[in-house]
Each structure stands twice: as C-alpha cells, then as structure tokens.
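Notes follow the structure.
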Amino acid sequence: MKDQLHYSDYRSGAITNGLERSGQRALLYSLGLDEDDLKKPLIAVVGSFTEIVPGHIHIRELAEFVKQGVFEAGGLPREFDTIAICDGLCQGHDGMRFPLPSREIIADSTEMMIESHHFDAMVMLPGCDKIVPGMLMAAARLDIPAIVVPGGPMLPGKFQGNEIALCDQREFVGRVQTGKMTLEELLELEKRVLPTYGTCAMLGTANSMGCLSEILGMSLPGCGTAPAVSSAKRRFAKQSGRRIVEMLKERLTARKILTRAGLLNGITATMAMGASTNTVLHIMAIAKEANVDINLRDFDAISRTTPYLCNLKPSGKYTMTALDEAGGVQAVLRAIADKLDATHMTVTGKTIIENLAAVPLTENDIIYPAGAPKNKEGGIAILYGNLAPDGAVVKQSGVKPSMYHFTGTARVFDSMEDCCEAISGGKINAGEVIVIRYEGPKGGPGMREMFMCTALLVGRGMDESCALVTDGRFSGSTRGPCIGHISPEAAAGGPIALVEDGDSITIDIPSRAITLHVDDQVLARRREVWQPLKKPMTISLAKYAALVSSADKGAVIQLP
C-alpha cells in the first residue's frame, strides 16, 4: 500500500482535474471552496436526518462532529441525507408496507449520489431499521472506503422501579384489554417509556443492525452501543471522520471488510446476542451486494454451534445501556472469540481478533458465560417442512421452552388487520396456530411486520397457548412462538396459501421442522381451485413487487 495518495489519484479528480473540468470547478467554487479544497479527498457524509423519527433527529448534530474529524485529517466533507422510515410509527397499518422496500431506495440513492459526484470515501450515519442495511448495501456495492456511525440507542424508560423499552409498552395494550392494567396507567406510561431520542432501547432491529455494523467491522469498536445522547457517540463520530481519510490512504475499501468470513462472523455474533430475525434478511442482502454467497443453511449451521449469551430485551431483562456499560459488542465478541474467523479485517485496519487484544472477558447477568449460556444454541433458528419448503425463521431466544414443540389448529387470516381484530375481540382460542398470509415481499407487498399481533398475544398471556405463522416478518421487538419468512410465500403459490381453518400444524423448533398435517392429494385438489389474492398497491410498491425475491433469498431485488 502507498502511505499517501496524491490528489490526482482521487476518484473526485474526475470532476476537479483537467482543462475540460473548468465548469465543474466553477460549480464547486460557488459553494465557497477554494483551490486548496479541490486538492483534498472528497468525503461524503451520508446522513438520515428526519424530524419524524426519534432515531434520526440528532443525525445532523453527529454529522457536524464527523465533518470536524474529516477536516482535521485533511479531507473535504460534503453532507447529504437519505430517506428514513420509522418502523414503530408504521406498525399496525398500511404504512408498514414501505419500510423494507425503502432499504433498496436508501442503497440506490446513496449509490447515485456517490457515483454522480465521484466521492472518494464516505461516512454513513444511519439510525433505525432499514437505513443501516441500506447504507451497508451501498457500501458493499460501491466498494470505496466507508465507515458507519450508527445513531445509537436511546436511554431506557422507568416504570414501577423497572427499566422499560417500547417492546414492553406495546405488550401493555394487551394487559389493558384484559383488565390487568388501567387505561390511565397506559396513558401515563406512553410519556415515560421513551425519555430521550435514539433507537428504541431494546435489541430490536435498529440496535441489532447498529451492533451488526460494529460486528462486521464497519464501525469503530464501541460505536454500535454508545447511546445517542452520549458524549461518547460524538467522539466516535469525530474519530470516524478522521479515520475515513486514513482508510482512503490505506485503500481499505468496503469489500475488504465485508468478506464471507466477515459476514459469517456477523451471523455468529448476532446469534450470540439474540438479535432480530430481520438480520437474516439484511445480512443476505448485504452479502449479495458484496458478491458473497450466504444462505439460510449458513444461519442454521452457525446457530446450532453458537451459544446464546445476552440477557437483553425483548427476550431478556436488560436494555441496551446495560450492554454498553458491560463492554458492548466488543465484550460479546470477546466471549465468542474462539468461534470467529480471525482473518476478518475491520475499519481500524486491524482484524476483529486484534481489536479484542485489550478487551477483558465479561461474564455476568447481562452477558452470560459461554460455558453456561442462556441457551446452548443461537437466538435464531431456521425451520423447514411441507409448510415452508424453502425455509422459515423463528427467534428461538424469545420462545418459552414450553412452546418449542407445539401442535395446534389453524386459524387463517389474509391480512394482519383481520388477525389483530380477532385477537382484540377475544376470538383466538388456546391451542390455535394463527396463520397470516399474503404479507410476504410480493404479496404484501413489502413484507409487513406482524408485531401488533404478537404484542397483543403476549400482552394477553397467550404466548404459551398459541403460535403464529406468517409469510410476513416480525419486529425485532417480537417475542413468543412466532414463525415468519415462510417461503415460498402465499402470493407465489407456496403451501401457506392452501392452509384452511381447522388444519393441524406442528412446530418443532429443536428438530427445525414445521409441518402441515394435510395429505398431499388434498393439497393438490386445493391448488386446482386456488386463486392468488392481489392487494391494491402504489406505483412504488408495484415496482418492488415485480422485482423482489422471496424471503429465503433476503427479499433482494432481482433484475429481469
């Protein structure tokens, strides 16, 4: 590697160097830049600021610290933003059709801005949910030096002496419906559960992906769990701005980090943490952009050999601040160091194992000892069977042992709304397997989260008497016997489209099996008269439905 780049080596030279670039230089001078600025590397500061999402409202402030670091290291930062959707605000209505498709728009828009203006490198500041994977997908696609500064978790709320997060509050709705909590208590709780900005305080999808950025080596050690309101987060932002200029000099690009070894390490650590099932979709999508082959079998193989260690909400006791205080992601990696690929490079310029050299082993009630884990298997399991020939996903860390084996009678719904109405109306009985279909990537379209349904079930105390199966997906806040990502989905003619009320379904998590107890000949007769349900959709959703793959492939865009 060269120790230093000359400005003529920069990608941005395509818009600053040469007689024929006079017009481009004039446009840059109009911004207040001078000749010396045009000799500096052009660093994109890719934000996701919005005033409607608590995980993003502080991103502009963090961007200022990033830019300070870039300036200090001799770079020229220029800021722009992508879109950002709040999954929490989308829950329970048609708006939930849009977050997963937005992942592709975030990746595409970042690519377009970077390639159009020939940025040399980028620092990305995502907050919640699909923004993190969308930006990581763009980094893998562009393969330029890139570093991620996740927006960071909010501080937990307090209720009756306990720390709480949004996952608790949503389940309290079921308590109100069953008379276990007063409406007045719930209304007061609404104002106290989220006391600061940042990503919701549990290990939902947002914080799972923030942690994954660090696990994958795309964020500085410690950055993933630093709270949004902390001074530490601002220091990480400035350090990341400095480091990106060094990465450019070292020619340390995204695909040198997002290798198969790195992505498998990502799966391993998320299994140990008990992360969101959405990480399955997102890791496969990032892998596709990095030209790395990752499939569901990789997830299950790693899950069987990786202990589940982290006692974090929604499946455990503690919030993200407790994990940060216990050493954060690096402490988790230290606990499973013997299961990691030591060749995995990170944005520090060191390998994932080299980064752990000074990290002490932490064993407590937050991060369990590897020799005495919460569960000997990882947080996520992949199920197969005649109901899901191409696979299904369950967050086994959130399932009570009494429900590892369950056989029940199908109650079929063709939408999330119909199911929620039945649960709220007390029309779901013990011993039933709720089936929600036509909510997959194509059928939804957009693969909505069924969290409203699961929260109502758990809040009513039905997570040991009912199960839920869907071709949709679940929030990272979900717990209980909830099997999602059923593939093929109903809209593609998968077996889930043929289930009828009264059919018997068995879920066997230890055996990784999900079985519809209906004779093949009966299913064949049902298929002869089956007609797919087509839901109304906007232009953007129609384009997404036309191009999106099945969930077992990561719900990625497949070009014709």
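The values are calculated or read from the model by the stated rules, or taken from the named source; none is laboratory data. Bear in mind the structure is a predicted one, so any value in this text is a computation, not a measurement. Methodologically, a virtual Cβ is constructed for each residue, glycine included, from the backbone with ideal geometry; neighbour enumeration extends over all protein chains shown. The area values use the complete protein model at the heavy-atom level, side chains included, leaving out ligands, DNA and RNA. Shrake-Rupley method; radii C 1.70, N 1.55, O 1.52, S 1.80 Å.
Matching residues to (1) part of a loop (DSSP other than H, G, I, E, B); (2) open to solvent by 10 Å² or more (accessible area, probe 1.4 Å):
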{"position": "358", "(1), (2)": "yes, yes"}
{"position": "370", "(1), (2)": "yes, yes"}
{"position": "378", "(1), (2)": "yes, no"}
{"position": "382", "(1), (2)": "no, no"}
{"position": "390", "(1), (2)": "no, yes"}
{"position": "393", "(1), (2)": "no, no"}
{"position": "402", "(1), (2)": "no, yes"}
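If the condition is being assigned to a loop (DSSP other than H, G, I, E, B) and within 19 Å of the chain's Cα centre (by Cα), then the stretch 117-175 contributes 125, 126, 127, 128, 129, 130, 149, 150, 151, 152, 154, 165. Evaluating residue 203 against the criteria (1) out of contact with any Gly (no Cβ under 7 Å at 6 or more places or on another chain); (2) more than 26 Å from residue 77 (Cβ to Cβ); (3) not aromatic (Phe, Trp, Tyr) leaves one unmet condition, (1). Of all positions in the stretch 458-466, none carries a residue that is open to solvent by 40 Å² or more (accessible area, probe 1.4 Å), part of a helix (DSSP H, G or I) and hydrophobic (A, V, I, L, M, F, W, C).
Contact map, the stretch 238-256: residues that are under 16 Å from residue 40 (Cβ atoms) and in contact (Cβ under 8 Å) with a residue 40 or more places away in the chain paired with residues that are assigned to a helix (DSSP H, G or I) and open to solvent by less than 80 Å² (accessible area, probe 1.4 Å), Cβ distance under 6 Å, separation 6+ or inter-chain. Pairs shown: 241/66; 241/69; 241/70; 242/69. Residues that are modelled with pLDDT under 95, within 27 Å of residue 259 (Cα to Cα) and touching an Asp or Glu at 6+ places or on another chain (Cβ under 9 Å) do occur in the stretch 106-128.
Scan the stretch 439-454 residue by residue and report those that are in a loop (DSSP other than H, G, I, E, B) and open to solvent by 10 Å² or more (accessible area, probe 1.4 Å). Walk me through it before giving the result.
First, pick out the residues of the stretch 439-454 that are in a loop (DSSP other than H, G, I, E, B): 439-448, 450.
Passing the criteria: only 442.
Residues that are within 30 Å of residue 190 (Cα to Cα): find the helices (runs of 4 or more DSSP H) completely inside the stretch 16-96 holding 1 or more of those. Spell out the reasoning first.
Working: elements: 22-29, 59-72, 87-90.
Helices (runs of 4 or more DSSP H) meeting the threshold: 59-72, 87-90.
Counting just the residues of the stretch 60-85 that are closer than 21 Å to residue 100 by Cβ and not acidic (Asp, Glu), which one comes out surrounded by the fewest Cβ atoms within 10 Å (Cβ to Cβ)? My answer is 83. Considering only residues in the stretch 520-547 that are under 21 Å from residue 387 (Cα atoms), among the aliphatic types (A, V, I, L, M) and outside any loop (DSSP other than H, G, I, E, B), the one that is least open to solvent (accessible area, probe 1.4 Å) turns out to be 523.
Out of the residues in the stretch 328-347 that are open to solvent by 40 Å² or more (accessible area, probe 1.4 Å) and either touching a helix residue (DSSP H, G or I) at 6+ places or on another chain (Cβ under 9 Å) or part of a loop (DSSP other than H, G, I, E, B) (or both), state the one that is farthest from residue 218 (Cα to Cα). Among residues in the stretch 328-347 that are open to solvent by 40 Å² or more (accessible area, probe 1.4 Å) and either touching a helix residue (DSSP H, G or I) at 6+ places or on another chain (Cβ under 9 Å) or part of a loop (DSSP other than H, G, I, E, B) (or both), the one farthest from residue 218 (Cα to Cα) is 339. Of the set (1) touching a Cys at 6+ places or on another chain (Cβ under 8 Å); (2) over 17 Å from residue 48 (Cβ atoms); (3) open to solvent by less than 10 Å² (accessible area, probe 1.4 Å), all apply to residue 150 but (2).
In the set (1) polar (S, T, N, Q); (2) modelled with pLDDT under 95; (3) open to solvent by 40 Å² or more (accessible area, probe 1.4 Å), residue 511 fails one condition alone, (2). Residue 267 fulfils the conditions (1) open to solvent by 10 Å² or more (accessible area, probe 1.4 Å); (2) hydrophobic (A, V, I, L, M, F, W, C); (3) in contact (Cβ under 8 Å) with a residue 24 or more places away in the chain except for a single criterion, (1). Give the residue, chosen from 515, 478, 506, that is in a loop (DSSP other than H, G, I, E, B), among the β-branched types (Val, Ile, Thr) and either out of contact with any strand residue (DSSP E or B) (no Cβ under 7 Å at 6 or more places or on another chain) or more than 27 Å from residue 211 (Cβ to Cβ) (or both). 478 is the lone residue from the list that is in a loop (DSSP other than H, G, I, E, B), among the β-branched types (Val, Ile, Thr) and either out of contact with any strand residue (DSSP E or B) (no Cβ under 7 Å at 6 or more places or on another chain) or more than 27 Å from residue 211 (Cβ to Cβ) (or both).
Close Cβ contacts (under 7 Å, 6 or more residues apart or on different chains) running from residues in the stretch 478-495 that are under 18 Å from residue 297 (Cβ atoms) to residues that are assigned to a loop (DSSP other than H, G, I, E, B) and among the charged types (D, E, K, R) comprise 486/471. Scanning the stretch 451-490 for residues that are under 18 Å from the mean Cα position of the chain (by Cα), at pLDDT below 95 and among the β-branched types (Val, Ile, Thr) yields a single hit, 478.
If I ask for residues that are within 17 Å of residue 242 (Cα to Cα) and surrounded by 24 or more Cβ atoms within 10 Å (Cβ to Cβ), which ones from the stretch 215-229 would you list?
Of all residues in the stretch 215-229, those within 17 Å of residue 242 (Cα to Cα) come to 217-223.
217, 218, 219, 223 - these are the residues of the stretch 215-229 that are within 17 Å of residue 242 (Cα to Cα) and surrounded by 24 or more Cβ atoms within 10 Å (Cβ to Cβ).
Condition (residue is in contact with a Lys or Arg (Cβ under 8 Å, 6 or more places away or on another chain), open to solvent by 20 Å² or more (accessible area, probe 1.4 Å) and at positive phi) applied to the stretch 188-208: is it met by at least one residue? No: the stretch 188-208 contains no residue that is in contact with a Lys or Arg (Cβ under 8 Å, 6 or more places away or on another chain), open to solvent by 20 Å² or more (accessible area, probe 1.4 Å) and at positive phi. Filter the stretch 406-435 down to the residues that are assigned to a strand (DSSP E or B), over 14 Å from residue 481 (Cβ atoms) and without any contact (Cβ under 8 Å) to a residue 60 or more places away in the chain and list them by number. 413, the sole residue that qualifies.
Candidates are the residues of the stretch 295-312 that are open to solvent by less than 20 Å² (accessible area, probe 1.4 Å) and assigned to a loop (DSSP other than H, G, I, E, B); the one that is farthest from residue 265 (Cα to Cα) is 311.
Only one of the listed residues (85, 57) is modelled with pLDDT of 95 or more and more than 26 Å from residue 287 (Cβ to Cβ). That residue is 57.
Figure legend. Inter-residue proximity from the stretch 120-144: first residues acidic (Asp, Glu), second residues in a loop (DSSP other than H, G, I, E, B) and open to solvent by 10 Å² or more (accessible area, probe 1.4 Å), beta-carbon distance below 7 Å, spacing 6+ or different chains. Indicated pairs: 120/10; 120/11; 143/253. In the stretch 479-507, the residue that is surrounded by the most Cβ atoms within 10 Å (Cβ to Cβ) out of those that are β-branched (Val, Ile, Thr) and in contact with an Asp or Glu (Cβ under 8 Å, 6 or more places away or on another chain) is 486.
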